[in-house]
Amino acid sequence: MSQPISAASRELDRTIGDLTAALGDPTRRAIFIAVRESGEPMTTSDIASLFSIHANVARHHLDKLAGDGYLRVTHRRRNGRTGPGAGRPAKCYEATSKPIDLHFPSRRGDVLVELLLRILARTEVTDLPAVAEAVGREYGREIASEIGSPDERGYDEAVKAVAEAMTGVGFHMSPDLDGHRLLTSSCPFGDAASGHPDVVCSIDRGLVGGLFEQLSQGCEPILHPSTSGDAACITEVPVAITPR
């Protein structure tokens, strides 16, 4: 006899549905992060320019995020002026205080990753870490092409762009520009990362490498997994001698 679905399970399913609808698209996740991290409200033109997309596409993503409660619409006068004669107010977007976790719940994510790793372990693959890194690198290039490149393609800008992109796909990652590294406080693979570090960390390394490659920064990342639950994983991202 099947067990009744608890209120907590229904709430979990609803939350997953909301996050998938609002932030399932990589570009939309990156746009949300950009607006959230901006020091002032952003216009459709700001987003279109930042991500090198058409204004109508930018407006679609912004309105979807606003409709789902993650952004709010505000208005400001052009050129920062207010009051009579200040000009037509521009439609802007800023983040709301609606709580959000860019990870899918770890309980389900861990199960999916664990099952996938078990399937891979039974296939005729002689070097799983190398395959995992290649797949991660390919996906990293795809993410970078979807979110667009920063206007300035220097090393610092690339590191910040990579951190934002990785956060957009479920990592909690921040740049350490002085240390030439990225700090990851948590990742969407959850417990699977500690159970299969050779494969999971290879995926992480490939993702970062693919992003840098697409941003024309030939960086070969070096990943140092966390040895304790409260410490960050460290990914060294040395400065490329010759940009690709």
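The values are calculated or read from the model by the stated rules, or taken from the named source; none is laboratory data. Everything quoted here is computed from the prediction, not taken from an experiment. Backbone-built Cβ (ideal geometry, glycine too); neighbour counts: all protein chains shown. Accessible surface areas use protein heavy atoms only, side chains included; no ligands, DNA or RNA. Shrake-Rupley method; radii C 1.70, N 1.55, O 1.52, S 1.80 Å.
Sorting the segments 192-199, 34-41, 203-210, 136-143 by their mean number of nearby beta carbons within 10 angstrom, highest to lowest, gives 203-210, 136-143, 192-199, 34-41. For the residues Asp176, Asp191, a 1.4 Å probe over the protein chains yields an accessible-area ranking, largest first, of Asp191, Asp176.
Annotation: Arg29 carries an accessible surface of approximately 30 Å², with a 1.4 Å probe and no ligand, DNA or RNA atoms counted.
Taking a point 7 Å out from the Cα of Lys160 in the direction of its Cβ, the residues of the stretch 47-63 whose backbone N falls within less than 19 Å of it are 47-53. Once the C-beta distance of Glu138 and Lys98 is scaled by a Förster radius of 45 Å, the resulting FRET efficiency is 0.85 to the nearest 0.05.
Length gained on full extension, Ser145 to Leu128, computed as 0.36 nm times the residue gap minus the Cα-Cα distance: 3.5 nm.
Among the protein heavy atoms, those of Lys91 account for about 90 Å² of accessible surface (1.4 Å probe, every chain in place). The calculated FRET efficiency for the pair Ala90 and Val239, based on their C-beta separation and a Förster distance of 45 Å, comes to about 0.70.
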